[in-house]
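Worksheet for the structure shown next.
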Amino acid sequence: MTVETHQADAITDEVSTWLASEFASLLPAADIVAIVRSARTDLEGQIVPEAMGEMLHRLARFRVLRTLERS
């Protein structure tokens, strides 16, 4: 495991925890974790690593809201 991989995992966990608490009453935590992981996969290699935290939070939050709109 590289330092970058460890940092990305920590960021993914942090964003998952943040969004799971924000949307706890609306969507299961497992669904939110899946959304965050998917967003991270989509962002990897597309943005500078320093922006991963903010961009991951923004993209994942958007996808959570879009999922809730479809429900």
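Points to keep in mind about this one:
- Test: residue in region 19-42 that is part of a helix (DSSP H, G or I), modelled with pLDDT of 95 or more and aromatic (F, W, Y): no
- Selection within region 47-71 - under 17 Å from D9 (Cα atoms) and over 14 Å from the mean Cα position of the chain (by Cα): I47, V48, P49, E50
- Taken over region 43-71, the residue count meeting the criterion of being touching a residue at least 24 places away in the same chain (Cβ under 8 Å) and part of a helix (DSSP H, G or I) is 11.
- Residue, most open to solvent (accessible area, probe 1.4 Å), within region 15-60, restricted to residues that are among the acidic types (D, E) and farther than 23 Å from S71 by Cβ: E50
- In region 61-71, the residue that is farthest from S16 (Cα to Cα) out of those that are surrounded by 16 or more Cβ atoms within 10 Å (Cβ to Cβ) and charged (D, E, K, R) is R63.
- Among the residues making up region 1-14, those that are at pLDDT 95 or above and either open to solvent by 100 Å² or more (accessible area, probe 1.4 Å) or within 16 Å of F62 (Cα to Cα) (or both) are T12, E14.
The values are calculated or read from the model by the stated rules, or taken from the named source; none is laboratory data. This one's a predicted model, so the numbers in the text were calculated from it and none came from an experiment. Ideal geometry is used to build each Cβ from the backbone, glycine not excepted, and the neighbour counts take in all protein chains shown. Accessible surface areas use protein heavy atoms only, side chains included; no ligands, DNA or RNA. Shrake-Rupley method; radii C 1.70, N 1.55, O 1.52, S 1.80 Å.
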